[in-house]
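The next block holds one structure in the form of structure tokens; read it before the comments.
The values are calculated or read from the model by the stated rules, or taken from the named source; none is laboratory data. None of the values given here were measured: they were computed from a predicted structure. All Cβ positions, even for glycine, are placed from backbone atoms using ideal geometry, and neighbour counts span all protein chains on display. The protein model used for the area step is the full one, side chains on, heavy atoms only, and it has no ligands, DNA or RNA in it. Shrake-Rupley method; radii C 1.70, N 1.55, O 1.52, S 1.80 Å.
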Amino acid sequence: MSPYITDPWAWQESWDRQQEAFMPDREHRFTAMLDTVDAILDGQPPRVLDLAGGTGSISLRTLARFPDAEATLLDLDPALLAIARASLGDRATIVTADLGTPDWRSALPHREYDAVLTATALHWVPADRLGRLYAELRDVLRPGGVFVNADHMPDDGLPELTKRLMDRARDRRNARYATGTMLSWSDWWDRAGADPALSPSVRQRQDIYPTGHSPEWSPPVSWHLAALTAAGFGEVGTVWRGGADAAVAAVR
């Protein structure tokens, strides 16, 4: 593992650049999410759950903004978790769990959190399961705590304009891939699989997802707001939007 452990930031940066091909405004959504956390605090360091946290992008930014925060990162992907562990060290508790079943909560080190944050992850969760997951998330928040989900969530009222925005974003992304400016999703995973230190984790990942993730499911923002309301949250709304993406927040 030495080539990886000695410089985990190279993989962390590589992941960030690959993600930014899909989301040029990625940092904007992270800032909006952390602004939302800041708004519900009473001066105490937050306890934050980074849900489906991957390499730790949200945890790293949470700790940079709130140095005394208590962070828990939960994911199932062994390759991304390997990068997270090497990057975060003992600054966060990292747990492996599957959000496909309600048992994921048993892996958590705490019963309640001030905030649960997730980005560009829950579109892999089927509709019926996501509705139940929202209710489970309410139960891991303290009263007054907040859940924020930033993902692809089109605006119902702008179907044709949204399609045009997505087409333009796709064209810009493909141009970057063609010039080598950024790695595509598949190219990034090919490089991870070729790395001597990461390759065992990539093979484990392939065993977990032999055909890849389940099909993506990206309902409009109204679906999320209705599902969060049905899950029992007191306040629900949109705290950020960028093109066809949005961040919805729900307060217990």
For the stretch 19-120: Kirkwood Rh in Å [reciprocal of mean 1/r, alpha carbons]: 13.9
Surface per residue (accessible, 1.4 Å probe) for the stretch 154-206, Å²: 67
Mean separation of Cα contacts under 8 Å, 6 or more apart, over the residue count of the chain: relative contact order %: 24
Cα pair distances in the stretch 100-216, grouped into 5 Å bins until the bin that holds the longest one, percent each: 2, 8, 11, 15, 16, 17, 15, 11, 5, 1
Local electrostatic count at residue 22 - Lys and Arg +1, Asp and Glu -1, tallied over other residues with Cβ under 10 Å: +1
Computed Kirkwood radius, in angstrom, where 1/r is averaged over Cα pairs of the chain: 18.8
Burial ranking of peptide ranges 41-48, 76-83 (average Cβ count within 10 Å, highest at the top): 76-83, 41-48
Apportionment of accessible area to carbon and sulfur, the stretch 4-49, percent (1.4 Å): 52
Accessible area of the stretch 142-252 belonging to carbon and sulfur atoms, whole % at 1.4 Å probe: 53
Peptides ranked, highest mean first, by Cβ atoms within 10 Å: ranges 97-103, 245-251: 245-251, 97-103
Peptide ranges 49-57, 32-40 listed from the most packed, as the mean C-beta count within 10 angstrom indicates: 49-57, 32-40
Förster radius 30 Å - calculated FRET efficiency between residue 195 and residue 160, Cβ distance, rounded to 0.05: 0.10
